[in-house]
Amino acid sequence: MPQVKINKKLAPVFTAKQQIVVIVGGRGSGKSIGVGDILTIKMDTENADVYCLREFQDSVADSVHRVFKDSIQERLKLEGWDIQENKIIAPGGARTNYKGANRNPDSMQSAQGYKYSWFEEAHRASQNSLDKLLPTIIRNPGAKCIFTANPQSSADPFSQRFINPYKKQLDRDGIYVDDLHLIIKCNWRDNPWWNEEQEALRKWDYENLSRAKYRWIWEGDFNDEVEDSIIKAEWFDSAIDAHKKLPAIKPNGAIVCAYDPCDDGGDAHGFACRHGSIIKAVNCRDSGEIDEGCDWATGEAIKLGADLFTWDLDGMGTGLKRQVDVAFNGKKCEVRGFRGSLSGIGQDDGEKVYQEKTYAETFKNNRARYYNDLATRFFNTYRAVTKGEYIDPDEMISLDTDGISDIDRLRSELCRIPTKPNANGLIQIMNKQDMKKEGIASPNMADAIMMTMICPAPQDDWGELEYDDRGFI
């Protein structure tokens, strides 16, 4: 039997009884090399064919063919193998087969005839690919599929299926095991063949990259930040329970609640509540009609004692005014529809001065203005928590994890909202339609938080409220 040396963390893969084996981590961990060596041994000793997948594969050059070739010729030094341009055949007849899942998802049903499947760069796997592949594996007794991945966004289908549900245990123990899954977190420090050249590159990245980008590349953390994002992942992380680190951040003033209704195409409902500088609650509902979502959101706001309730009037929410009025009838709560698309002098405070220019001369619309307010609070919190600078607590933001249903999903939403070039030099945020074209999920919880940045009218002015033609009081 050939002798193989692999990363110790990957040893459980050899004898795993689970049908789904997942290995995640950052650069330099040896994940792919280790799996290539393990499957080469399986081909040699069990005469087992291997079905090799990537989401996108234009040619065999994009596949793990080279990994197998190096395993046979260089690491294991095996003889009698037939290494061809598009497949490898073991002495006993076992062979590799390479497929691009995205080109023909239905072809993955042929994986049922394979004992071993390997999905490399699985962080790119689409929901459709996972939906096709997983039932195929599970109905084939004894078959196993190995996924190797450098995690990307926590909102990706792969992360949602294989990382998020088990993240706490993976972060704590580096491994998660149940009857179906073996999930291993493997990073550079687990690699016994780590060398000086790799260490020099890692140190340079540590000293020169943002901490969020470094941790994504080398530690296998989520990459929830997109290019030109208005809120950086480091800022978000510094704001998690910041009020518990900095006692000067206290809940005070008005309680503002906001609801972002679902639009269409599987969109979610988002809800958020801000009390002073603390985001007290953030939640979402992935199902239900808009009227059901509105009842849910107004009910949450009432339970939290909202002084102001607002909701998005630009999309499907334009027809919710009567339902919101009924929900808050007789309650001392201001209700105000929000139009993020209002631009020019028609936007909130359009003619007022903001840093030497007016708001209308600075921001494309309300959405850009209030996201800028929110981003400034996150940056201020980062400066206070990470840099130790004094910042007015009323100018910061803290995310209270006790009231946030899914902090990872919220991180993905808030840190994946890009700015957009504007011909007039205005600050502009990419809208939901353009984000969808870029493959960025709808930021319903993020938009709800953004809308909590508006302020209620002075208490003395509360009373019977009238709407103008824009939906504002």
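Only the coordinates and a few stated rules stand behind these numbers; no lab work does. Predicted model only: the values in this text are computed from it and were never measured. Here the Cβ is made from the backbone with ideal geometry for all residues, glycine too, and neighbour counts use every protein chain on show.
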- Item | Within straight-line cross-link reach of K245, aspartates and glutamates at Cα separation under 14 Å, skipping those fewer than 8 residues along the same chain | D237, E389, D400
- Note on the structure: per DSSP, antiparallel bridges as share of beta bridges in the range 233-461, % nearest 5, sits at 55
- Query: How many nm is it between the label spots at N195 and K357, if each spot is 7 Å from the Cα in line with the beta carbon?
  - Reply: 5.2
- Residue by residue, what Karplus-based ³J(HN,Hα) values in Hz, rounded to whole numbers, does the range 360-368 have, using 6.51, -1.76 and 1.60 with θ = phi - 60° and x for Gly and Pro? 5, 8, 10, 10, 5, 6, 4, 4, 5
- Item | Over the range 75-233, equivalent-ellipsoid semi-axes from the Cα gyration tensor in Å | 31, 22, 16
- With both partners inside the chain, how many of the DSSP beta bridges are antiparallel, as a percent to the nearest 5? 40
- Message: For a Förster distance of 41 Å, can you work out the FRET efficiency between the beta-carbons of K77 and R139, rounded to the nearest 0.05?
- Response: 0.65
- Item | For the range 181-226 and the range 386-426, distance of Cα centres in Å | 24
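Where Lys and Arg each count +1 and Asp and Glu each count -1, what net charge lies around Q152 among other residues with Cβ under 12 Å from its Cβ? Intermediate results must be reported in sequence, preceding the final value.
Numbers: positive: R124, R416; negative: E55, E121, D156, D221, D224, E225.
Once all neighbours under 12 Å are counted, the net charge is -4.
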- Would you mind giving the three semi-axes, in whole Å and largest first, of the ellipsoid equivalent to the chain according to its Cα gyration tensor? 50, 24, 20
- Query: For W118, what charge total do you get from the other residues with a beta carbon under 10 Å from its beta carbon, if Lys and Arg give +1 and Asp and Glu give -1?
  - Reply: +1
- Can you quote the Å³ per residue value for the convex hull of the Cα atoms in the range 1-147, rounded to an integer? 107
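Note down the Stokes-Einstein diffusion coefficient of the range 124-208 in µm²/s, whole number, using a Kirkwood radius over alpha carbon pairs, 10 °C, and 1.306 mPa s.
Numbers: Rh = 15.3 Å.
The calculation lands on 104 µm²/s.
Sorted from fewest to most neighbouring beta carbons within 10 Å, what does the list I137, I429 look like? Each step should come with its number before you reach the end.
Values: I137 19, I429 25.
In order of increasing Cβ crowding within 10 Å: I137, I429.
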- Item | Label point distance in nm, Q433-H181, each placed 7 Å from Cα along Cα→Cβ | 3.8
- Sequence order, the range 179-185: Karplus ³J(HN,Hα) from phi using 6.51 cos²θ - 1.76 cosθ + 1.60, θ = phi - 60°, Hz rounded, Gly and Pro as x, gives 5, 9, 10, 10, 10, 10, 9
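What dipole magnitude, in Debye to the nearest 20, does the chain give about its Cα centre under +1 on Lys/Arg Cβ and -1 on Asp/Glu Cβ? Present the calculation step by step, with values, prior to reporting the outcome.
Working: 62 positive and 75 negative charges, 358 e Å.
Rounded to the nearest 20 debye, it is 1720 debye.
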- Task: Could you line up L342, L414, L39 from fewest to most neighbouring Cβ atoms inside 10 Å?
- Result: L342, L39, L414
- Query: Can you list the lysines whose alpha carbon sits under 16 Å from that of K213, skipping same-chain ones fewer than 8 residues off?
  - Reply: K203, K232
- Can you put W216, W311 in order of Cβ neighbours within 10 angstrom, beginning with the fewest? W216, W311
- Label-point separation, I89 to S210 (7 Å along Cα→Cβ), nm: 5.2
- What are the lysines whose alpha-carbon lies under 21 Å from the alpha-carbon of K99, with same-chain residues fewer than 8 places away excluded? K31, K42, K69, K87, K115, K132, K144
- Message: Restricting to bridges with both residues inside the range 8-190, how much of the DSSP beta-bridge set is antiparallel, in percent to the nearest 5?
- Response: 20
- Rounded to the nearest Å, what's the spacing between the alpha carbon centres of the range 292-308 and the range 45-76? Just the number, please. 54
- Net charge near P192 (other residues with Cβ under 15 Å of its Cβ; Lys, Arg +1; Asp, Glu -1) is +2
- Note on the structure: Karplus-derived 3J(HN,Hα) from phi for the range 205-213 (6.51 cos²θ - 1.76 cosθ + 1.60, θ = phi - 60°), whole Hz, x at Gly and Pro, runs 4, 4, 7, 10, 8, 4, 4, 5, 5
- Item | Whole-angstrom Cα spans of the range 233-461 along principal axes, big to small | 46, 43, 41
